[in-house]
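**Q** The structure is given below, and queries will be raised subsequently.
The values are calculated or read from the model by the stated rules, or taken from the named source; none is laboratory data. Just so you know, these numbers come straight off a predicted model, no measurement behind them. Cβ placement follows ideal geometry from the backbone for every residue including glycine, while neighbour counts extend to all protein chains displayed. Quick note on the areas: whole protein, heavy atoms, side chains included, nothing else; ligands and nucleic acids left out. Shrake-Rupley method; radii C 1.70, N 1.55, O 1.52, S 1.80 Å.
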Amino acid sequence: MYMKLEVTVLPVSDVDRAKAFYEQVGFRLDIDMAASENWRAVHFTPPGSECSIMFGTGITSATPGSAQGLYLAVSDIEEARAELVGRGIEVGEVFHDAAGLLYHGHEAGEVTHRVEGQGRLAGLHPGRASYGSFATFSDPDGNGWVLQEITQRFPGR
């Protein structure tokens, strides 16, 4: 069976503010259509991605800002962070995990640690391990994004 994640819905409080933010981030606007004053869909795709985001009016009943742990894979975390900062996006400093990779939770746009021995350390992963360096940012509603540096994919990916 073939399945591919195509779109994830983001809950936002102000569609036009969110649209301006994602344009500023550099996502490609695919669709902005309204069928009525009660339904509008705005669809964006990150550069190089096959998965998109959608938000709007009448799209979801989820609380604005409740989408957390939205990962953007980047080949160079420092370059990606610098580009976003250059676009006026507030991005946290690059960090890595103290005792391994991927043991995160997500709260209010921030990566948290829930496994003993885990913790957030400043800077790139020692040795620059693939999947090991991160930076975070949030949209105006608090939907939380994580940049993750991936230079070599796990087998089968």
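**Q** Quick check for you: with a 1.4 Å probe and neighbouring chains kept, what is the accessible area per residue of the chain, in Å²?
**A** Ligands and nucleic acids excluded, the figure is 55 Å² per residue.
**Q** With viscosity set to 1.306 mPa s at 10 °C, what whole-number translational diffusion coefficient in µm²/s follows for region 1-111 from Stokes-Einstein and a Kirkwood radius over Cα pairs?
**A** Details: Rh = 15.7 Å.
Once the numbers are plugged in, D ends up at 101 µm²/s.
**Q** Whenever you get a sec, compute what percent of the accessible area on the chain sits on carbon and sulfur atoms (1.4 Å probe).
**A** That fraction is 51 percent.
**Q** Each residue of region 43-51 in order: what ³J(HN,Hα) in whole Hz does its phi give by Karplus 6.51 cos²θ - 1.76 cosθ + 1.60, θ = phi - 60°, with x for Gly and Pro?
**A** 10, 10, 10, x, x, x, 8, 9, 9
**Q** To the nearest Å, what is the center-to-center distance of region 61-92 and region 29-48, using C-alpha atoms only?
**A** 20
**Q** I need the phi-derived Karplus couplings for region 63-77: 6.51 cos²θ - 1.76 cosθ + 1.60, θ = phi - 60°, integer Hz, Gly and Pro marked x.
**A** Values per residue, Gly and Pro as x: 5, x, x, 7, 7, 10, x, 8, 8, 10, 6, 10, 7, 9, 4 Hz.
**Q** Could you tell me what percent of the DSSP beta bridges with both partners in the chain are antiparallel, to the nearest 5?
**A** Working: 25 of 33 bridges.
Restricted to the chain, the bridges split so that about 75 percent are antiparallel.
**Q** Explain nothing, just the number: dipole magnitude of the chain about its Cα centre with +1 on each Lys and Arg Cβ and -1 on each Asp and Glu Cβ, in debye rounded to the nearest 20.
**A** Magnitude of the dipole: close to 380 debye.
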